[in-house]
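Any read-out appearing in this document is the output of simple, stated calculations on the displayed coordinates, not a laboratory observation. Source: prediction; values computed, not measured. No Cβ is skipped: glycine too gets one built from the backbone with ideal geometry, and neighbour counts run over all protein chains shown.
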């Protein structure tokens, strides 16, 4: 088994889920006392969040590259970035270390293809929903069309992520808000929904909607185990 290098802390709540899923998957595959070989470098999300909302992505590139280098020097055989939004910095990570980087949109695209879906709705931070770094991967590599909520709905999704989910607040009324937004995406032709923020699965599960949902946290973590095992 190879050692998985995790860039975490964005937020620590979702990084905790990564660690749990990684170890559950390894135990399922190997049984007994088996657990995942991994390293995590966890950043201070307060610093990251400030730079995000100041649109200082060059500085964020440097921080993510530095985290990847630290993991590589610590013995990681691959890099997993435990967040969707910060994949805006994926190129900086790839250029910083000579080990593989598992892109979350690629792992998600592979899973959507298995379901034979061609049009999906994307929920995430405003950065993930409005910038092209995620949608381009799905379109160019997998032929998947991605639609996003309207501006008002995007603002609600973003607010709930940053004011509630990353702080560990799981509110029933916010779940209903997300469910209503998902229904509007379904009415616009979405055949499935990408939970494109690693905190959203803390709020929304497959039992909340009648469309296939793609939990990017679980998909990404389980794909990382597949990579590590081969």
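Below, the figures for the structure above:
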{"read-out": "C-alpha center-to-center spacing [segment 79-135, segment 179-230] in angstrom", "value": "13"}
{"read-out": "Rounded to 10°, Cα long-axis angle of helix 57-74 versus longest principal axis of the chain", "value": "40"}
{"read-out": "MRE, 222 nm, helices only [DSSP H, n ≥ 4, -39500 (n - 2.57), over the chain, to nearest 500]", "value": "-16500 deg cm²/dmol"}
{"read-out": "Estimated inter-spin distance, residue 113 and residue 155, nm [label 7 Å along Cα→Cβ]", "value": "3.9"}
{"read-out": "Degrees between helix 132-142 axis and first principal axis of the chain (Cα, 0 to 90, nearest 10)", "value": "80"}
{"read-out": "Normalised contact order of the chain, rounded percent, pairs of Cα under 8 Å and 6 or more residues apart", "value": "24"}
{"read-out": "Cα Rg, Dmax, segment 43-99, angstrom units", "value": "11.1, 33"}
{"read-out": "Relative packing of 70-83, 146-159, which averages over residues the other C-beta atoms within 10 Å, highest first", "value": "70-83, 146-159"}
{"read-out": "Rounded, prolate or oblate (a/c below 1.5 giving rounded, otherwise prolate when a/b exceeds b/c) for segment 90-217 by Cα gyration tensor", "value": "oblate"}
{"read-out": "Tilt relative to the chain, helix 216-229 - C-alpha long axis, 0 to 90 degrees, to 10", "value": "30"}
{"read-out": "Isotropic mean projected area of the C-alpha convex hull, segment 1-81 (nm²)", "value": "5.5"}
